[in-house]
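Novice: This is the structure I want to talk about, given as structure tokens.
Nothing in this text is a laboratory measurement; each read-out follows from the coordinates by a stated rule. Keep in mind that this is a model prediction, so the values were computed, not measured. Cβ sites come from the backbone with ideal geometry, for glycine too, and all protein chains shown count toward neighbours.
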Amino acid sequence: MSNSDYTQNTIEAAIRLGLLLLLATWCFKIISPFIVPVMWGVIIAVAVFPLYLKLKSGLGGRNRLAAAVYTLLAIALLITPAVMISNSIIDTSVVITERYEAGTLKIPPPDDSVKQWPLVGEQLHAIWAQASVNLEDTLRKYEAETKKVGKAIVSAAAGAAGSILQFVLSIFISGILIANAEGAYGLAIKLFSRLTNATEGKALADLASATIRSVAQGVLGVAIIQAVLSALGMMVMDVPAWGLWTLIILVLAIAQLPPIFVLGFVCAYVFSVADTTPAVIFLVYCIIVSSSDGLLKPLFLGRGMATPMLVILLGAIGGMIMSGIIGLFVGAIVLALGYELFIAWLGASEKTVQQAS
């Protein structure tokens, strides 16, 4: 081959690679807004597939009807608590605004036990006590901080609305995937076989499915249970804005942090406004709810992969930073999946080296 032919072939190859890279980049930018909802749809579909099979069997094996019923039920389960939480926050905001404008808004004085809280106890007690005596002067004194909190709440509300729309889209995607589960599973096997080899493709696809179900049950499932139980307790005690505290508890539980971080403040409020007996009962209830993960996580995680909690924690926090609330859910499972596949790949590599030696 002459130098001119070599140069021409090199230029043509570079142009082809450049065009392929341009096309791939363009396609990625087009679909990038849908990556997280699609991933969440895949996770939901894999996690609920065993339940879907029971639903399908109950409907006489009619696949499309079962997929439609599942989609409607899933959207109802999402919208109903979202509306309840939103109403709780809105109703509390309206009452606070009306009472503040009428000059009848009163803050109950803090309990002396607040001073014993680590790090923030003394300062929080002082601010709380000042607000209970003269709320208007306290708000004026901390006007800058109050505005920042207000902006953060408005921003969080807007983000929550967007997250709900993403969740709805993800549910529709999961319904489509479940209705075509056989083809989706075959595609996953082909993908893993292409990335590794034909003998390991099915094993890795099954590993991915088991990991998703394990983390979805052991992390997301437990977090949802703790959030629901916390919400029920706060509703019974008529805690203001219980919906907002429930959301914060859900975020903490997914991030592997105990709900008592929030429930402790709620208990302090309940002790300041309620009688001693119901307040003590509520405190004991909150402690049980916060520590329930010690029983529930081994029960659920024991059914699948024993993914280290640190991996799940990093995935949840990183996902939330990157993609908001929905990233909190997706990040934990995606990083856990990546970890399990990486460990499996390392094990396969070790076997290959041992066989070669």
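Novice: Work out how much length LEU310 to ASN180 would gain on full extension: take 0.36 nm times their residue separation and subtract the Cα-Cα distance, in nm to one decimal.
Specialist: Numbers: separation 130, 0.36 × 130 = 46.80 nm, distance 3.42 nm.
Value of the extension gain: 43.4 nm.
Novice: 7 Å from Cα along Cα→Cβ at both PHE172 and ALA144: what's the point-to-point distance in nm?
Specialist: The modelled label-to-label distance comes out at 4.6 nm.
Novice: Applying the Karplus parametrisation 6.51 cos²θ - 1.76 cosθ + 1.60 with θ = phi - 60° to the phi angles of the range 330-347, what ³J(HN,Hα) value in whole Hz is obtained for each residue in order, glycine and proline being reported as x?
Specialist: Along the range 330-347, the couplings run 5, x, 4, 6, 5, 5, 4, 5, x, 5, 5, 5, 5, 5, 5, 5, 4, x Hz.
Novice: Quick one: if you stick a label point 7 Å off each Cα along the C-beta vector at LEU22 and LEU296, how many nm between them?
Specialist: 5.3
Novice: Grab the beta carbon distance between ILE31 and ASP275, set R0 = 41 Å, and tell me the FRET efficiency rounded to 0.05.
Specialist: Details: r = 57 Å, r/R0 = 1.39.
Once rounded, the FRET efficiency stands at 0.10.
Novice: Would you mind putting 316-322, 22-28, 219-225 in packing order, based on average other-beta-carbon counts within 10 Å, highest first? Intermediate values should be presented prior to the final figure.
Specialist: Numbers: 316-322: 19.0, 22-28: 10.0, 219-225: 21.0.
Result, highest mean first: 219-225, 316-322, 22-28.
Novice: Residues with beta-carbon under 9 Å from that of GLY201, excluding GLY201: net charge, scoring Lys, Arg +1 and Asp, Glu -1?
Specialist: Numbers: positive: LYS190, ARG194, LYS202; negative: GLU200.
Here the count lands on +2.
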